[in-house]
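The values are calculated or read from the model by the stated rules, or taken from the named source; none is laboratory data. Owing to the predicted nature of the structure, the values given are computational and were not obtained by experimental measurement. Cβ placement follows ideal geometry from the backbone for every residue including glycine, while neighbour counts extend to all protein chains displayed. Accessible surface areas use protein heavy atoms only, side chains included; no ligands, DNA or RNA. Shrake-Rupley method; radii C 1.70, N 1.55, O 1.52, S 1.80 Å.
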Amino acid sequence: MSVKPIFFALDGKELNEFKKPLEKLKGVIYGVKVGLEMFTAEGPSSVEKLKNDGWKVFLDLKLHDIPHTVQAATVSAGNIGADYLTIHIASEKEALSAATQSKPKNLQLLGVSSALTSKAFSDTTSKKVENDFMIAKQIGIDGVICPASEIVKTKKLYDLIITPGIRLKTDSNDDQKNITTPAKAIDMGAKYIVMGRSIRKNMNYIINHLDIWKN
Ligand code: C5P
């Protein structure tokens, strides 16, 4: 069985809440995403435990600060074992460059545009995302967090495209507006997708119907 290109978003305060789903998903999906909620509640130990259990860890801290601080936080994220770290492209170019130049080898930097999947997309936001991603590319950021509607365009710039806002056809959208299905995101060119609530709601279906994922 090949591992599916999915990061499970651990959107909660305690890693313990996810013990059972993580056991079920081991070997089925590629990695997990630790966000601000868990990282501020549990600190680096959440990342370290996940790494000890053999997970690829995507640390979603969306760094946005002065160059010195961004650089130091990037080094720290690499040192605790994170494989991927998000950084706001709205940060100063100096901050993005500092992070790129100082990141440890095990860490890939992912650029985040201020356009979120919880907002409907317009031509203006689409252009802003394109412009942000061009800046990220010029500076040497490894990949981007890319809304579904922008994947095809972004493919010209980036191979490492990670797309949140994923729902099965039967799911509710919740607060997400720019959404697509797992198979469509991969077909359009996303390398990985991020799924949170959809995995939690459909765990048994997801474990037992692996054909819904594209290999
Ligand atoms: O539950 P759901 O699948 O909607 O969760 C999506 C995850 O992806 C959340 O952790 C959210 O913070 C993150 N995310 C997002 N849209 C972005 C960037 C990150 O939904 N543009």
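Data table
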item: Condition broken by PHE133, with the remaining ones in (1) surrounded by 20 or more Cβ atoms within 10 Å (Cβ to Cβ); (2) at positive phi; (3) more than 14 Å from the chain's Cα centre (by Cα) satisfied; result: (2)
item: Where a residue in the range 49-62 is under 9 Å from LYS33 (Cα atoms) and open to solvent by 10 Å² or more (accessible area, probe 1.4 Å) and its partner, wherever it lies, is of a type in the set (Ser, Thr, Tyr) and within 16 Å of the ligand (Cβ to nearest atom), with Cβ under 9 Å and at least six apart; result: LYS56/TYR30; LYS56/TYR84; ASP60/TYR84; ASP60/THR86
item: Selection within the range 17-48 - open to solvent by 40 Å² or more (accessible area, probe 1.4 Å), under 18 Å from LYS201 (Cα atoms) and free of Cβ contacts under 8 Å to residues at least 60 places away in the same chain; result: GLU17, LYS19, LYS20, GLU23, LYS26
item: Filter result (near the ligand (Cβ under 9 Å from one of its atoms), modelled with pLDDT under 95 and of a type outside the set (S, T, N, Q)) within the range 172-194; result: ASP174, ASP175, ILE179
item: Residue list for the range 189-204, restricted to those being within 22 Å of LYS20 (Cβ to Cβ), in contact (Cβ under 8 Å) with a residue 24 or more places away in the chain and either open to solvent by 10 Å² or more (accessible area, probe 1.4 Å) or not hydrophobic (A, V, I, L, M, F, W, C) (or both); result: VAL194, GLY196, ARG197, SER198, ARG200, LYS201, ASN202, MET203
item: All positions within the range 165-208 that are over 18 Å from the mean Cα position of the chain (by Cα) and closer than 22 Å to THR125 by Cβ; result: ASN173, ASP174
item: Every pair of residues 6+ apart whose Cβ atoms lie under 9 Å, when the first sits in the range 148-164 and is assigned to a helix (DSSP H, G or I) while the second is aromatic (Phe, Trp, Tyr) and open to solvent by less than 20 Å² (accessible area, probe 1.4 Å); result: GLU150/PHE133; LYS153/PHE133; THR154/PHE133
